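Written below as structure tokens is the structure these notes are about.
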């Protein structure tokens, strides 16, 4: 095949998203005779899409230099943008900064050039990484109108996406989501390069997940899956990062085997030397799946890999420690994580785990967990995402149930279960079902409790959530299960102390309650156990194993 035929073949393959063929054909032509700058950029994009970091960087340097020497400043700045991003993906942040400085000097020679906006996009990205959200928005306000006729499609889409991310980061969630949706529509209409399309998918889906906008994230994830399926050669860093986002959504949707497979692929892809900075996210998602499935040793190893790649392993690691009986370490870890985290949406990731871990303390759990549940409810009210309201209701119901207020726990739990089912998040819906069952049991409705627990068990068994299956089987009445307790977790604590001969004053001091609250709990205990004295309550508790079961838990 002659040189011209190879180039034509490479161009056609790139248009068909056949990246390996495009890379091979254009690479062979370039080895025989240097490509012109347009084809050199196309070869660099093919290398980028295949995860060939070093080649992509070398090709973009050549294209940048050729454009700059020819006086094509705008085209050089476009190459400089992708070059800086490729270097950053490869962990070469100093070199990326050096090329950004070089591009700024070139831009100063033609200040009216539209492509100068590419450098502003890089500046905004640096502010975002540093958590400088105010400066991020200030920089975005210097960007030109993305919809201006004749604007480079990649620049237009990238500008809209970046503006949306800046608005979201500064609390203007509704306006920011509208911009992100607009960027996705621009991608869907075509004309945007493949690497820009991958970048926008990753940023938009990631932002939606951060905001707990699960419906949006699921919708765009389905579109991403179709786009990726059309180009099986796409194995670059954005493909790996897209996989990380997809894993989280597959996990929420209950497709755990698919999620595990995608997580392992993402880990392998992002540790191949291109995009390793994002590998921690892949290992974290893999660790979460291992934890939920009861594969605790594998989970611990994956959390360590998460930390090795510079990512925070919380709240998952604290929940793993709790599952392994290391409650004090879990409590210290989640408290530390909350103390270090100020941004509300990031705190919203930690607060549900904080409630669960703090409630594991039989003495102080409800008192300490209540502020975390209240904060989560406030975040849900301010941001409005359905998943946030589900999380807040679940946390509030768990706290009320643990505090002996089963009747008051049921409304937020019922609402949380409804919202999780609407979002098609079966695992969380089943966890809420367990709490509903326990609340029904505390109110003496054992028939409903059994149905709720059985329904939750079936979901856990289908998902492969072995620790939850074991727990529900322990809770369920019947052969092999303990006799149901009519008492709430807090009432079990009170009756345990009654059985030890503690006075109301001593119980109040140990559980950090008022004596009036203790008296109310004791009155409820007498009613539920159908006894009239503390001695009879203690005898009933010992006889029916209530005290022993509570202590062993």
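Every number here is computed from the coordinates shown, using simple stated rules; none is lab data. The model shown is predicted, which means the values in this text are computed figures rather than measured ones. Here the Cβ positions follow ideal geometry from the backbone for every residue, glycine too, while neighbour counts run over all protein chains shown.
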Please find the FRET efficiency linking residue 466 to residue 378, where r is the Cβ-Cβ separation and R0 is fixed at 45 Å, and quote it to the nearest 0.05. 0.80
In degrees between 0 and 90, to the nearest 10, how far off the longest principal axis of the chain does helix 153-169 point, with axes built from Cα atoms? 30
Report the calculated FRET efficiency for residue 93 and residue 367 (r = Cβ-Cβ distance, R0 = 41 Å), to the nearest 0.05. 0.35
If I model a spin label as a point 7 Å beyond the Cα along the Cα-Cβ vector, how far apart are those points for residue 512 and residue 261 in nm? 4.8
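Among 346-357, 105-116, how do they line up by average Cβ neighbours within 10 Å per residue, starting with the highest? All intermediate terms of the calculation are to be shown ahead of the outcome.
On the way: 346-357: 22.2, 105-116: 14.3.
Those peptides, ordered most packed to least, come out 346-357, 105-116.
Work out, step by step, the length gained on full extension between residue 339 and residue 24: first 0.36 nm times the residue separation, then minus their alpha carbon distance; give nm to one decimal.
108.2 nm
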Treating the angle as unsigned and between 0 and 90°, give the value, to the nearest 10°, between the Cα long axis of helix 3-15 and the longest Cα principal axis of the chain. 30
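At 222 nm, what value in deg cm²/dmol follows for the chain if DSSP H runs of at least 4 each add -39500 (n - 2.57) and the sum is divided by all its residues, to the nearest 500? Please report the intermediate quantities before stating the final value.
Values: 30 runs with 421 residues, N = 553.
Only helices count here, giving -24500 deg cm²/dmol.
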On a C-alpha basis, how far is the centre of region 92-139 from the centre of region 1-69 in Å? Whole number, if you could? 26
Please give, to one decimal in nm, the separation of the simple spin-label points placed at residue 297 and residue 33, each 7 Å out from Cα toward the Cβ. 6.2
Need one number: nm distance between label points at residue 271 and residue 304, each 7 Å from Cα along Cα→Cβ, rounded to one decimal. 1.2
Helix 237-253 against the longest principal axis of the chain: what's the angle in degrees, Cα atoms only, rounded to the nearest 10? 30
Mean-position separation - Cα centroids, region 222-245 and region 349-407, in angstrom: 36
When the expected Rg is taken as 2.2 N^0.38 Å, what fraction or multiple of it is the alpha-carbon Rg of the chain? 1.17
